[in-house]
Amino acid sequence: MKNYRGSRSMDGIVVTVDGERLPQYSEVKCYTRLGFDWTYEGVNPRQLALAILFDHTGDKERAIGLSGPFMKDIVANFDNDWTLTGSEVEAAIKSIEARVSGGAVGAP
């Protein structure tokens with residue numbers, strides 16, 4: 001399972017997956033080109049949500065559809081430094097999909 005990690009310092013924000021920088025995946029969907037962020041709801045946290053979801057699932061449409069709820073449920077609640085396992089990502093996806101009838105999450 002993959003491990004995601006984020007840290008915020010005076011030097012800026014760094015997000016990695018298994019020790020390598022996590023791409024923004026703006027080619028999948030671009031909410032912002034200003035980089036990742038977290039601890040609030042907005043376009044930068046949503047880009048992070050999308051990147052984690054796409055990296056985890058490899059499914060463009062699913063990642064886009066889940067990015068809003070995942071941002072609100074998970075990314076907006078991160079501390080300055082955080083870790084997230086692939087198992088935790090999968091559990092969050094299942095929880096979000098269970099809340100929505102038919103397992104489909106709304107459009108971006």
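Kindly indicate the residue of region 1-12 that is small (Gly, Ala, Ser) and surrounded by 13 or more Cβ atoms within 10 Å (Cβ to Cβ) and also nearest to the chain's Cα centre (by Cα) among those meeting that condition.
Per the stated criteria, the residue is Gly6.
Quick check, is Asp55 acidic (Asp, Glu), touching a residue at least 40 places away in the same chain (Cβ under 8 Å) and within 23 Å of Arg8 (Cα to Cα)?
Spelling it out, Asp55 is indeed acidic (Asp, Glu), touching a residue at least 40 places away in the same chain (Cβ under 8 Å) and within 23 Å of Arg8 (Cα to Cα).
Sort through Val89, Val15, Val28 and tell me the only one that's modelled with pLDDT of 95 or more, in a strand (DSSP E or B) and in contact with a Leu (Cβ under 8 Å, 6 or more places away or on another chain).
Going through Val89, Val15, Val28 in turn, just one is modelled with pLDDT of 95 or more, in a strand (DSSP E or B) and in contact with a Leu (Cβ under 8 Å, 6 or more places away or on another chain): Val15.
Pick from Ile93, Ile64: which is aliphatic (A, V, I, L, M) and closer than 16 Å to Tyr4 by Cβ? Even if it seems obvious, please write down each step before you answer.
Details: Ile64 fails: closer than 16 Å to Tyr4 by Cβ.
Exactly one residue qualifies, and that residue is Ile93.
Going by what's in this entry, would Ser67 be described as modelled with pLDDT of 95 or more, of a type in the set (S, T, N, Q) and touching a helix residue (DSSP H, G or I) at 6+ places or on another chain (Cβ under 6 Å)?
yes
When you scan region 15-45, how many residues do you find that are out of contact with any helix residue (DSSP H, G or I) (no Cβ under 7 Å at 6 or more places or on another chain) and over 18 Å from His56 (Cα atoms)?
Number satisfying all stated conditions: 4.
Is it the case that region 72-82 has a residue that's among the polar types (S, T, N, Q), loosely packed, with under 15 Cβ neighbours inside 10 Å, modelled with pLDDT under 95 and not in a helix (DSSP H, G or I)?
Yes, some residue in region 72-82 is among the polar types (S, T, N, Q), loosely packed, with under 15 Cβ neighbours inside 10 Å, modelled with pLDDT under 95 and not in a helix (DSSP H, G or I).
For the subset of region 13-43 comprising residues that are surrounded by fewer than 18 Cβ atoms within 10 Å (Cβ to Cβ), within 13 Å of the chain's Cα centre (by Cα) and polar (S, T, N, Q), which member is farthest from Phe78 (Cα to Cα)?
Ser26
The values are calculated or read from the model by the stated rules, or taken from the named source; none is laboratory data. Model, not experiment: these values are computed from the prediction. Glycine also receives a Cβ, built like all others from the backbone with ideal geometry; neighbour counts cover every protein chain displayed.
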